[in-house]
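Structure first, commentary second.
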Amino acid sequence: MKTAIVALVLAASSSLGPAREAYQSGDLPRARVSLEGLLQPLRLSNLQEESEAHLLLSATLHAQEDLPRAEQEAVEGLALNPDAKLDPLVYPPDFIAFVERVNVLRHERIIQRSAQRRPPKLLPTPSSSIPVLVESRPASQGWYLVPFGVGHLVHGQRSKGTVLAVGQGTTFAVSAVSLGVALSLRGSDGRYSEQDAPTARAFNVSYLVGAYAFAALYAYGMLDGLLSSPAPAAPPPGRGPG
């Protein structure tokens, strides 16, 4: 009883109080309207409250089965507070599992959004007290040389990276298994028996087709990444001696 009273007092003292109350009472349309009114335009000055508002809106949308919007709001909430812990007394287990899944699958996107939302830190230079801006550097293009779509995944191109990972993984597996079976059919003299020769021939063809398909997908992924990625911006010209 005391816990419920404390929760109600805390809810009432925050701008999120009405939205929390509507969500916990099951009035999802009212909770959604209230939360969208706080976030669009933004009327919350505290990053922690804004993170909670996004997660609460994500829970509301999840309950309404609007999963794409729910994922988007979960990403925004986790970007503002990566260490956010969902109270199991407030949120149902399926939504908590949904947020944990989003945190894993959309980790790169969450990091990017977090960098966009948080102002750059100011640090003093070693030789003077003049502050400098610390900016995050983009991932190296060298990642595109790694097979299985790793370069695209590192650079946030999840759809293309997933397609390349599945395609290259499948063709590599087919090629490797076919080669293994073809080699296992050889006799001690390194030749195929008359009975095994047709089967071995089929597996050798499968091995070659898989190997060529893997090589083609790898070349496509590497060239697509290296040619479509924008070149890094040139640094501003330095100031000459005054």
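Mind sorting Tyr207, Tyr23, Tyr220 by how few other Cβ atoms lie within 10 Å of their own Cβ, fewest first?
Ascending number of Cβ neighbours within 10 Å: Tyr220, Tyr207, Tyr23.
If Lys and Arg each add +1 and Asp and Glu each add -1, what is the summed charge of the other residues whose beta carbon sits under 15 Å from the beta carbon of Asp224?
With Lys, Arg at +1 and Asp, Glu at -1, the neighbours total +2.
Mind listing which trypsin sites (Lys or Arg not before Pro) in the range 21-110 are in a DSSP loop and have 15 or fewer other Cβ atoms within 10 Å?
Arg43, Lys85
What is the sum of charges around Leu153, taking Lys and Arg as +1, Asp and Glu as -1, for the other residues whose C-beta is under 14 Å from the C-beta of Leu153?
+2
Under a Cβ-Cβ cut-off of 11 Å, what is the net charge of the residues other than Ala53 that fall near it, where Lys and Arg count +1 and Asp and Glu count -1?
Around Ala53, the charge tally is -4.
Answer with one residue from Leu16, Val33, Leu44: the one whose Cα lies farthest towards the positive end of the charge dipole of the range 15-117, charges on Cβ with Lys, Arg +1 and Asp, Glu -1.
The residue sitting most towards the positive pole is Leu44.
Once you wrap a convex hull around the alpha carbon atoms of the range 38-85, what is its projected area averaged over all directions, in nm²?
So the mean shadow area of the Cα hull is 3.1 nm².
To two decimal places, what compactness ratio does the range 141-228 give when its Cα radius of gyration is scaled by 2.2 N^0.38 Å?
So the range 141-228 has a normalised radius of gyration of 1.39.
Compute the orientation-averaged projected area for the range 15-117 from the convex hull of its Cα atoms and round it to one decimal in nm².
5.9
Computed from the coordinates by the stated procedures, all read-outs in this text should not be read as laboratory data. These numbers were taken from a predicted model, which means no experiment stands behind them. Every residue, glycine among them, receives a Cβ derived from its backbone with ideal geometry; neighbour counts consider all protein chains shown.
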